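**Student:** Sharing a structure with you now.
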Amino acid sequence: MGYGDDLLVTSLAAKIKKQFPDRQIVIGIAEKNQAFHSLIYENNPNITDCRNLDNNKPIQIINFHELNRPYIDYEKTIPNNYVWRNFKPIPGELYFSNQERKEAKIIISAAKKFWEENYKKKFRNIIFIETSSTKINDRQFSFKHQNKDWGIQNWNRLINKLKNDYLIIHSVHKETINIDGIFISPKTDFRTACALLDEVDFFVGPEGGFGHVAAALNKKAVLYFGGWISPDVIGYDFHENIYYKDQKSPCGVMQKHCPHCSKAREMITVDLFLEHIYKISSS
């Protein structure tokens, strides 16, 4: 599980807290009476920090963990191959500190200065872009999810077609690509990167954590789904979800090369991506 999963459950926590305001709501494995902490839950008034529970008040554990996610059909799933359930996510919630918002605004100011010095014209929009499908923040492992990956060449071509008209901000981590003419943000933690996303016009990237962040912040987004998972399972209707659909979609193949996902990568072109970006840019 990653930060996207942590965000998914916050909408449920808000619903339960509204029904039972006196309860301490935590996330974890109910049958083991075990709760998890996530930086996604910080400052959230609906979720109690599981490290600071009051034993004199009622506690409710939302059963949401690696082996109990609502969009996975665990009875049909086999090793290295997920099978999906019908599921429609509700945008989650993020609550930023004043310091996180301050740091994000400083980065935005630096990005605008970068644009003025390099382009000397007005940009159309500010785009926060992510090009990696690596699950950097996963609790159990960190790997490049090749079957969700659009390919570095595609991202390079897309950015080069956009960078003269759009102020593009790329966050810094071990998979960051360096392209002349875009603003590489200073290294930040994930929450500050999310606060930065809240300052831009829209998000572009692969389906994953930042896509759920964009939804939580009510931001427009253009997302690469490939053929691995369907936006009907985990996407949001107000996003532009680019999906390759054939008889094998969505395949759910994990941690091994999938010819079907390679075909999806070929069929979803840079021009198709641009069409979706121009669509939300003009809306």
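Readers should treat all values here as calculations from the given coordinates under stated rules, not as data from a laboratory. Keep in mind the model is a prediction, meaning the values are calculated, not measured. Backbone-built Cβ (ideal geometry, glycine too); neighbour counts: all protein chains shown.
**Student:** Taking 7 Å along the Cα-to-C-beta vector as the label spot, tell me the Lys15-Ile59 distance in nanometres, rounded to one decimal.
**Tutor:** In this crude spin-label approximation the distance works out to 2.4 nm.
**Student:** Which order, highest average first, do 198-209, 229-240 follow once you tally other Cβ atoms within 10 Å for each residue and take the mean per peptide?
**Tutor:** 198-209, 229-240
**Student:** Tell me the trypsin sites (Lys or Arg not before Pro) within the range 1-103 that lie in a loop according to DSSP and have at most 11 other beta-carbon atoms within 10 Å.
**Tutor:** Arg51
**Student:** Mind listing which trypsin sites (Lys or Arg not before Pro) in the range 189-221 are in a DSSP loop and have 11 or fewer other Cβ atoms within 10 Å?
**Tutor:** none
**Student:** Between 0 and 90 degrees, rounded to the nearest ten: what's the tilt of helix 3-19 against the longest Cα principal axis of the chain?
**Tutor:** 50
**Student:** Pop the C-beta distance of Asp246 and Asn164 into the FRET formula with R0 = 30 Å and round what comes out to the nearest 0.05.
**Tutor:** 0.30
**Student:** What full-extension length gain, to one decimal in nm, is calculated for Glu275 and Lys102 as 0.36 nm per residue of separation minus the Cα-Cα distance?
**Tutor:** Taking 0.36 nm per residue and subtracting the Cα distance, the gain is 58.9 nm.
**Student:** Hey, another quick one. Going by how many other Cβ atoms sit within 10 Å of their own, how do Leu67, Leu158 line up, fewest first?
**Tutor:** Leu67, Leu158
**Student:** Turning to a different aspect of this structure: Expressed in nm², what is the orientationally averaged projection area of the convex hull enclosing the Cα positions of the range 3-63?
**Tutor:** With every direction weighted equally, the projected area is 3.9 nm².
**Student:** Continuing with this model, one more query. With θ set to phi - 60°, apply the Karplus curve 6.51 cos²θ - 1.76 cosθ + 1.60 along the range 264-280 and write out the HN-Hα couplings as whole Hz, x wherever there is a Gly or Pro.
**Tutor:** Values, residue by residue: 4, 4, 6, 6, 8, 8, 4, 4, 5, 4, 4, 4, 5, 5, 5, 4, 7 Hz.
**Student:** As a test of the formula, what do you get for the chain when each DSSP H run with n ≥ 4 contributes -39,500 (n - 2.57) and the sum is divided by the residue count, at 222 nm and rounded to the nearest 500 deg cm²/dmol?
**Tutor:** Only helices count here, giving -9500 deg cm²/dmol.
**Student:** Mind checking the range 34-79 for chymotrypsin sites (Phe, Trp or Tyr not before Pro) that DSSP puts in a loop (not H, G, I, E or B) and that have at most 12 other Cβ atoms within 10 Å?
**Tutor:** For chymotrypsin sites (Phe, Trp or Tyr not before Pro) across the range 34-79 that sit outside H, G, I, E and B with at most 12 neighbouring Cβ atoms in 10 Å, the list reads Tyr74.
**Student:** Can you put Cys50, Cys194, Cys261 in order, fewest other beta carbons within 10 Å first?
**Tutor:** Cys50, Cys261, Cys194
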